[in-house]
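Written below as structure tokens is the structure these notes are about.
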Amino acid sequence: MEKKKFYITTPIYYPSDKLHIGHTYCTVATDAMARYKRLAGYDVMFLTGTDEHGQKIEQKANEAGVSPQAFVDRIVEGPQGVKDLWKLMNISNDRFIRTTDDYHVAAVQRIFKKMYDNGDIYKGAYKGKYCTPCESFWTESQLVDGCCPDCGRPVVDAEEEAYFFRLSKYADRIRDLLENTDFLQPRSRVNEMVKNFIDPGLEDLCVSRTSFTWGIPVDFDPGHVVYVWVDALFNYATAMGYLNDKYDDYDHYWPADYHFVGKEIVRFHSIIWPAMLMSVGEPLPKHVFGHGWLLLDGGKMSKSKGNVVDPYILAEKFGVDALRFFLMRTFPFGSDGNFSNELLIQTINTDLANDLGNLVSRTTAMVGKYFGGTLPESCRTWAAPESFDTDLISMVSALRDTYEAQMEVCAPHNALAEVFKVIQRANKYIDETAPWALAKDMEANSARLAHVLYNLLEATRICGILLIPFMPESMEKLFRQIGASPEAQTWDSAKAWGTLPETTAVIKGENLFPRIDMDKALEELEAAAEAAKKAALPAIEVEPQLTEKVDFDTFCKSDFRAVKVKACENVKKSEKLLRFTLDDGTGTDRQILSGIAKWYKPEDLVGKTLVAIVNLPPRKMMGLESNGMLISAVHTEKGEEKLNLIMVDDSIPAGAKLC
Ligand code: ME8
């Protein structure tokens, strides 16, 4: 029988900065869903990629002094770039699209022309408000307190010749789609869209720009580039081969089953995207799911606020699977959730170390200890089951269905909650059956003990299968430990209690999820975040040069001389000051105080020839008089201030004038 297809996408990410845990959240959710569908036997297409055009990228590239293409190449393909992060997070995407890929560029030009030819795109003049960071146009009525309704930043007036898309023409059909179908999920997002955008009246959308060049050129009107959202949204179709020859899966996979997107881009996906598809006469995606945000201290994570969380640090410290699991287990998928390191560690300790880890290690240890790793034949059944036997078996046997029901409504957090209810039940079963007590009289109890342990292995196996989409690598290890062959890891076998052969060899392996010392881990995370922040700082920074001119005569009034250090000591009660006794060539010692104790030991400076300005008025510091100033070179290295005294050749006599 031909497999049913399932096509799912993440948003394509802006490669304007390194991605953070918020981006990882959406991609891990999509990955878990894709893996679940593959497990359940679907022919899955999972697409992700990068959205590389637009003014924001152009500006960032200019700031970095590189071309926009070189700029995005580094963030997409470079170390700790987008592709690298998805590899780290074990993301199983089948395809990756970059909107700078030639085939996509050519297809978008064809799409734009198609909408122009059918009269849905026309030329007009754009007057309105533009949010540069969001690359979004807004009408006056959409602004919130005069600022961008998405990001809250100020908008600017913009006016230019531009192409428009007849979004208004599709208002009724979009309203119908939102209100009368399950296209947009969760349902609460429908009300937001209708109230905020449809009810006030949909206006035509400006879909070309002339004020910058980093975009897909409108090929029939040079000077215009296609609005980045038109370019970006069509990625979902071009990556399957729509209007291009690069791929030929469009007829097979389109329409997409799910677009997973963050809540702030639901507007683009549930209004503009279906309207444009209606315009080009293509079927609409079946569902758009608008998930919530991971918040940090109650606010959105963003690079500009400097409050982003680095997935590399967390994955290295706790393991990729633990991180994936935490993201999906903790936050209801449609709502916002507050991220914290404490919550992450707590979840790992409670669910993974305590509940799942203990179940696996206790069960495998007991099979090893009491039966040398292999249970005897006929352990599968027991003639007179106790109520807790039937309770466990019926709960585990029903698990796949309850799990599936939750996954089908995009509630991975609930699906995981169902699995963990069973894991907790299985741990309780260990207490109820007390295998260690049975083991005291093996002659009498060996068959019963073997049955109890078989039940525990089966419960573990079935929970393990349903956890594959969330923690694929750890479940491989788990299956090895409980001796589950590939046939005992399938979706079908998750509903078939008793699949594990009775004489399977169980291996007590490494602890799958070691317990984490909260205080120690928090401290280490803080240090790692600090180090990462430092590493991101520029290697060398020097103060910008002054542009204000000083006239030559004024400059010449400063008297710079070579001076030799006769003595140098720390000033009492001062951490900063050194007191220098200097030979300045006049025959009288000169005293200068200098705030450089952080960088030099006094004894190292004796005998050196330095440069001082000697005609400054005297200054008192810590009760001592300073006559002049020593000249140093200063710069910043990785955010740390560095200072080097200017030392000159010792053959230069004391008092020599520098000019
Ligand atoms: O929006 N919590 O790209 P993007 C949860 N290029 N999700 C978050 C998040 C957080 N703290 N921060 C970001 C774009 N995201 C467009 C998409 S699709 C045709 C074009 C999510 O890199 C965000 O909600 O700014 C969005 O869904 C995704 O990351 C990409 O954001």
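Of all DSSP beta bridges confined to the chain, the antiparallel ones make up roughly 70%. Per residue, segment 351-425 exposes an accessible area of 41 Å² to a 1.4 Å probe, with every protein chain left in place.
Averaged over its residues, segment 1-68 has an accessible area of 32 Å² per residue, based on protein heavy atoms and a 1.4 Å probe. Of the residues Thr347, Leu39, Pro501, the one whose Cα sits farthest towards the positive end of the charge dipole of the chain is Thr347 (charges of +1 on Lys and Arg Cβ, -1 on Asp and Glu Cβ, taken about the Cα centre). One decimal place: the segment Asp43-His635 gains 207.3 nm when fully extended, by the rule 0.36 nm per residue minus the C-alpha distance. Phi angles of segment 98-114 translate, via the Karplus equation with coefficients 6.51, -1.76, 1.60 and θ = phi - 60°, into HN-Hα couplings of 10, 6, 8, 4, 3, 5, 5, 4, 5, 5, 5, 4, 5, 5, 4, 5, 5 Hz per residue; Gly and Pro are given as x. Once you reduce segment 3-53 and segment 91-130 to the center of their Cα atoms, the two points are 21 Å from each other. Annotation: amide H-H contacts under 5 Å for Ile596 (H modelled 1.01 Å from N, sequence separation of 5 or more, or interchain): Leu578. Taking all protein chains together and rolling a 1.4 Å probe, Thr490 ends up with roughly 60 Å² accessible.
The charge dipole of segment 385-474, taken about its Cα centre with unit charges on the Cβ atoms of Lys, Arg (+1), Asp and Glu (-1) only, comes to about 120 debye.
In order along segment 514-524, the phi-based Karplus estimate (6.51 cos²θ - 1.76 cosθ + 1.60, θ = phi - 60°) of 3J(HN,Hα) comes to x, 5, 10, 7, 4, 4, 5, 5, 4, 4, 5 Hz; Gly and Pro are listed as x.
Per-residue extension of 0.36 nm, minus the Cα-Cα distance of Asn338 and Lys601, leaves a gain of 89.8 nm for this segment.
Our coupling estimate for segment 597-604, obtained by passing each phi through the Karplus curve with A = 6.51, B = -1.76, C = 1.60 and θ = phi - 60°, is 4, 5, 9, 10, 8, x, 5, 6 Hz, Gly and Pro reported as x. Please state the shape class of the chain: rounded when a/c is under 1.5, otherwise prolate if a/b exceeds b/c and oblate if not, all from the C-alpha gyration tensor. The shape class here is oblate. With a Förster radius of 51 Å applied to the C-beta separation of His252 and Ser485, the computed FRET efficiency comes to 0.95.
Computed packing ranks the peptides 164-172, 641-649 as 164-172, 641-649, most packed first, by mean other Cβ atoms within 10 Å.
Taking the Cβ-Cβ separation of Glu569 and Glu264 as r and a Förster radius of 56 Å, what is the calculated FRET efficiency to the nearest 0.05? With a Förster radius of 56 Å, E is 0.35. Between Asp517 and Ser92, the FRET efficiency from the beta-carbon distance, with R0 = 45 Å, is close to 0.90. Taking each residue as 0.36 nm, the span from Thr588 to Glu625 lengthens on full extension beyond its C-alpha to C-alpha distance by 11.8 nm. Separation between the Thr350 and Ala496 pseudo-spin-labels, each 7 Å from Cα along Cα→Cβ, expressed in nm? Simple spin-label model gives 3.6 nm for this pair. Taking each of Lys169/Lys195; Lys18/Lys300; Lys123/Lys246 in turn, the alpha-carbon distance tops 26 angstrom for Lys123/Lys246. Would any residue of segment 55-83 have its amide N under 13 Å from a label point 7 Å out along Cα→Cβ of Thr547? List them or say none. The answer is none, because no backbone nitrogen lies closer than 13 Å to the label point. Sticking with the crude label model, points 7 Å out along Cα→Cβ, report the distance from Glu203 to Glu63 in nm, one decimal please. It is 2.8 nm.
Within the accessible surface of the chain, defined with a 1.4 Å probe on protein heavy atoms only, the carbon and sulfur portion equals 51 percent.
Under a point-charge model restricted to the Cβ atoms of Lys and Arg (+1) and Asp and Glu (-1), what is the dipole moment magnitude of the chain relative to its Cα centre, in debye to the nearest 20?
Once rounded to the nearest 20, the dipole reads 1100 debye.
With all protein chains present and a 1.4 Å probe, how do Lys286, Lys246, Lys127, Lys37 order by accessible area, largest first?
Working: Lys286 95, Lys246 120, Lys127 145, Lys37 10 Å².
Greatest to least solvent exposure: Lys127, Lys246, Lys286, Lys37.
The charge dipole of segment 317-382, taken about its Cα centre with unit charges on the Cβ of Lys, Arg, Asp and Glu (plus for the first two, minus for the last two), comes to roughly 220 debye.
Take segment 458-551 with all the other protein chains still there, run a 1.4 Å probe, and you get 59 Å² of accessible area per residue. Highest mean packing comes first when the peptides 405-414, 374-383 are listed by Cβ atoms within 10 Å, giving 405-414, 374-383.
The values are calculated or read from the model by the stated rules, or taken from the named source; none is laboratory data. Here the structure is a predicted model, which means the values were calculated and not measured. All Cβ positions, even for glycine, are placed from backbone atoms using ideal geometry, and neighbour counts span all protein chains on display. Side chains are part of the model used for accessible areas, which takes the heavy atoms of the whole protein and leaves out ligands, DNA and RNA. Shrake-Rupley method; radii C 1.70, N 1.55, O 1.52, S 1.80 Å.
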